[in-house]
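K.L.:
Can you keep this structure in mind? I'll have questions shortly.
Taken together, the values in this text are just the output of simple stated rules run on the coordinates, not laboratory data. Since this is a predicted model, take the numbers as computed values, not measurements. Note: ideal-geometry Cβ built from the backbone for every residue, glycine included; neighbour counts use all protein chains shown.
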Amino acid sequence: MTDPYLDGVYRWWHLSAPSPELVAAEADGWLGQPGTAVDIGCGLGTEIAYLAAQGWNAVGVDLSWAALVRAKREHPGVSFAQADVLSLPLPSGAFHLALDRGCFHYLSPARWADYAAEVRRVLRPGGRLLLRACLTSRGVRNDVTESGVAEAFTGWVIDRLARAELPSDTRTMQALIIRFRLPHLAERQGGRTPIPAF
């Protein structure tokens, strides 16, 4: 498979400004006070650079070396690392916030629980994940559904979940926009959390 940051395919999903859903989550206080943040599948680093400018200690992770070279050049104040999302080179419990605007939906459903476990590993108790999961992958309807995602993230709190149009510089894409939160140790309970809509 070729690198989408070398053949230009990334233009399908790249947004050269912070996404509306990230800006909204910041504006309504859901992100919390600036702390540590990781952008999983950061691409060219737009969102993680935005958070760094807001005072977050930020790192972006992507599998594409070509994307990271450009991201480092365009956002010199942000740290970047090349890695697979299922094996992040990050310490456990180090982050208050994780972002994903296009990585999760490329995984097969059989790997979703592994993804959730790896994100859980790097987040602190009470940590948050802003997940944007497109309903198509490479232009074809994928297996992403509200119930499938909720099952993969069993034990997490879903603060908000909605279907929405996710913008890029060239189009919009149908997606689930989900605000997940890890419970604090005192809040932990077994079972699934109801899915609130907004």
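K.L.:
Using a 10 Å cut-off around each Cβ, can you sort 42, 134 from fewest to most neighbouring Cβ atoms?
P.N.:
Going from sparsest to densest Cβ surroundings: 134, 42.
K.L.:
Which ³J(HN,Hα) values in Hz, rounded to whole numbers, follow from the phi angles of the stretch 175-182 under the Karplus curve 6.51 cos²θ - 1.76 cosθ + 1.60, where θ = phi - 60° and Gly and Pro get x?
P.N.:
Coupling constants for the stretch 175-182: 8, 8, 10, 10, 9, 9, 9, 6 Hz.
K.L.:
Further question on the same structure: Roughly what % of DSSP beta bridges within the stretch 41-195 run antiparallel, to the nearest 5?
P.N.:
Around 70 percent antiparallel, to the nearest 5.
K.L.:
Let me ask another. Compute the distance from the alpha-carbon center of the stretch 1-66 to that of the stretch 126-179, in whole Å.
P.N.:
The stretch 1-66 and the stretch 126-179 have Cα centres separated by 15 Å.
K.L.:
Compare 121, 138, 101 in a GNM of the chain, Cα atoms joined below 10 Å, and give the one with the largest fluctuation.
P.N.:
Per the Cα network of the chain with a 10 Å cutoff, 138 tops the list.
K.L.:
Hey, fewest Cβ within 10 Å first, where do 149, 9, 38 land in order?
P.N.:
Least crowded to most crowded, the residues run 9, 149, 38.
K.L.:
Sort 47, 151, 26 so the one with the fewest other Cβ atoms within 10 Å of its own Cβ comes first. Each step should come with its number before you reach the end.
P.N.:
Working: 47 25, 151 14, 26 17.
In increasing order of surrounding Cβ atoms, one gets 151, 26, 47.
K.L.:
Applying the Karplus parametrisation 6.51 cos²θ - 1.76 cosθ + 1.60 with θ = phi - 60° to the phi angles of the stretch 110-119, what ³J(HN,Hα) value in whole Hz is obtained for each residue in order, glycine and proline being reported as x?
P.N.:
Karplus-based 3J(HN,Hα) across the stretch 110-119 equals 5, 9, 4, 5, 5, 4, 4, 5, 5, 5 Hz.
K.L.:
In whole Hz, with x marking every Gly and Pro, tabulate ³J(HN,Hα) for the stretch 154-168 from phi via Karplus 6.51 cos²θ - 1.76 cosθ + 1.60, θ = phi - 60°.
P.N.:
3, x, 8, 8, 9, 6, 8, 8, 8, 8, 7, 8, 8, x, 10
K.L.:
Let me ask you something else. Given H placed 1.01 Å from N in the peptide plane, which residues other than close sequence neighbours of residue 174 have an amide H under 5 Å from its amide H?
P.N.:
For residue 174, the qualifying residues are 135, 166.
K.L.:
Further question on the same structure: How far apart, in nanometres, would the label points at residue 72 and residue 146 be if each is projected 7 angstrom from Cα along the Cα-to-Cβ direction?
P.N.:
Roughly 4.3 nm, to one decimal.
K.L.:
Using only the alpha-carbon atoms, what does the stretch 4-187 span along each of its principal axes? Please give whole angstrom values in decreasing order.
P.N.:
Projected onto the principal axes, the Cα atoms of the stretch 4-187 cover 47, 37, 31 Å.
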